[in-house]
Amino acid sequence: MAEKLQSLRGMVDLLPQDTWLWQRVEATAREHFRRAGVQEIRTPVLEATQLFCRGIGEATDVVGKEMYTFLDRSDRSCTLRPEGTASVVRAAIQHGLLSQGPQRLWYGGPMFRYERPQAGRQRQFHQIGLELLGFAEARSDVEAIAIAWDLLIDLGLRDLTLELNTLGSAEDRERYRGALVAFLQGHRDQLDPDSQDRLERNPLRILDSKHPQTQALLVDAPTLAAALDPASRDRFAQVQAGLQALGIPYRLNPRLVRGLDYYSHTAFEITSTQLGAQATVCGGGRYDGLVEQLGGAATPAIGWALGLERLVLLLAQASATPATGPVPNLYVVNRGEAAQAAALKLARSLRLQGLHVELDAGGSAFGKQFKRADRCGAPWAVVLGEEELAEGVLQLKPLRGQHQPDGNVPLDEPGRLVELLRP
């Protein structure tokens, strides 16, 4: 017997009992984007490695440690995309979208990072993201955050917290970098090993360290807020005022820096404590320099992404009802060669008229078919055997104790079933 093949570590199969919830999340997101005039863009999962080195930053953990990178047969360095923003910006530049005015775009699909798999985080993971390209005003930051907030509320997440910070302009960060490095150099021996490594490459990422000793040291470190120029402070005040006007609560978090180099000004995360421990479900921010960095004209932009694995995990575990997929309107019980052929024709006709119909294709005894009909949750079954076929009728049977309509339904009038069963 051949050896059983298994999926790779961190590459997870989504089985039918799981995908219905994913579909609900995706459909809800699609509807929120439609209402906001945001259009979908789809980019390849495989890109030139240089796109992410230039866009995300070679000093980041994503580029330095986590990317799936290889040479193709033409010796070109290729990478499975670890995030969506760089690909969307590349596509917008390549196809001249930005010459047509500001772009309101969203994307969804798999991303890849070689990190330790854990609950809600896999090596192949899925994101839905929003990118507003060509929008500079503080109110566009507020709108982007509001779309994410309203989507998560609509999906049923509770105990949400919006954490907010500003990273200032490039000039602000350069001033702050000098002050932070000078402070940390004097306490280098108190930093954890990862932070010591980041001190030269990417010192702002030290602010995001989870190491207790490093966090204690940062209490006395200089703050980015002190390095902001008046224009940056005013812009951040406008963002806060806009959120207050919309009634969206937030908490300032001066240590929030996000993990990618391209962020500037507004940075945010939306977290949930619905299951006890804090979990980030959405994060993003402004990236005004990225388009120019990737070869386009200077273009302001803001965006966010939410991770579907973690979001679906939260929704599934917090639900008071068992996870079940869509329930059919009708289950077709059928037996006998001629009756089975007629049942297939009937099921197709009803589906084309909008009903969700499950057709029993097992050919087993009626009793077993009714047990399967009951397990699928359908409220009604229709019986079509050789006897019914000869009489030209369908027997409609209630499966959930509801009132049964008088008489049988003529086989050649499937529209009658539609009228009776349409939700």
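The values are calculated or read from the model by the stated rules, or taken from the named source; none is laboratory data. All values derive from a computational prediction rather than experimental measurement. As a convention, Cβ positions derive from the backbone with ideal geometry for all residues, glycine included, and neighbour counts pool all protein chains shown.
Results for (1) out of contact with any Leu (no Cβ under 6 Å at 6 or more places or on another chain); (2) of a type in the set (Asp, Glu); (3) assigned by TED's automatic domain parsing to the domain that holds residue 416, shown as yes or no for each residue.
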position	(1), (2), (3)
363	yes, no, yes
366	yes, no, yes
370	yes, no, yes
381	no, no, yes
387	yes, yes, yes
390	yes, no, yes
398	yes, no, yes
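What do you reckon, is residue 96 among the small types (Gly, Ala, Ser) and at pLDDT below 95? Judged against the criteria, residue 96 is not a match.
Right, residue 104: touching a helix residue (DSSP H, G or I) at 6+ places or on another chain (Cβ under 7 Å), of a type in the set (Lys, Arg), outside any loop (DSSP other than H, G, I, E, B) and touching a residue at least 12 places away in the same chain (Cβ under 8 Å) or not? Against the criterion (touching a helix residue (DSSP H, G or I) at 6+ places or on another chain (Cβ under 7 Å), of a type in the set (Lys, Arg), outside any loop (DSSP other than H, G, I, E, B) and touching a residue at least 12 places away in the same chain (Cβ under 8 Å)), residue 104 does not qualify.
If you go through region 377-394 and pick out every residue that is surrounded by fewer than 16 Cβ atoms within 10 Å (Cβ to Cβ) and either within 13 Å of residue 329 (Cα to Cα) or out of contact with any Gly (no Cβ under 8 Å at 6 or more places or on another chain) (or both), you end up with 5. One residue is enough: does region 264-272 have a residue meeting the conditions surrounded by 17 or more Cβ atoms within 10 Å (Cβ to Cβ) and among the aliphatic types (A, V, I, L, M)? Among the residues of region 264-272, at least one is surrounded by 17 or more Cβ atoms within 10 Å (Cβ to Cβ) and among the aliphatic types (A, V, I, L, M), which makes the answer yes. Is it fair to say residue 152 is of a type in the set (A, V, I, L, M), buried (at least 20 other Cβ atoms within 10 Å of the Cβ) and modelled with pLDDT of 95 or more? Yes.
Among the conditions (1) among the β-branched types (Val, Ile, Thr); (2) part of a loop (DSSP other than H, G, I, E, B); (3) over 26 Å from the mean Cα position of the chain (by Cα), the only one that residue 299 does not satisfy is (3).
On inspection, residue 173 fails the criterion of being in contact with a strand residue (DSSP E or B) (Cβ under 8 Å, 6 or more places away or on another chain), among the charged types (D, E, K, R) and surrounded by fewer than 15 Cβ atoms within 10 Å (Cβ to Cβ).
Considering (1) under 16 Å from residue 145 (Cα atoms); (2) modelled with pLDDT under 95, the lone condition that residue 266 does not fulfil carries the number (2).
When region 333-360 is filtered for residues that are among the hydrophobic types (A, V, I, L, M, F, W, C) and over 36 Å from the mean Cα position of the chain (by Cα), the ones remaining, listed by number, are 333, 338, 339, 341, 342, 343, 344, 346. Could you go through region 301-317 and let me know if any residue there is crowded, with 20+ Cβ neighbours inside 10 Å and under 30 Å from residue 419 (Cβ atoms). Looking through region 301-317, none of the residues is crowded, with 20+ Cβ neighbours inside 10 Å and under 30 Å from residue 419 (Cβ atoms).
The rows are residues; the columns are (1) polar (S, T, N, Q); (2) in a helix (DSSP H, G or I).
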{"site": "195", "(1), (2)": "yes, yes"}
{"site": "205", "(1), (2)": "no, yes"}
{"site": "213", "(1), (2)": "yes, yes"}
{"site": "225", "(1), (2)": "no, yes"}
{"site": "233", "(1), (2)": "no, yes"}
{"site": "245", "(1), (2)": "no, yes"}
{"site": "248", "(1), (2)": "no, no"}
{"site": "270", "(1), (2)": "no, no"}
{"site": "284", "(1), (2)": "no, no"}
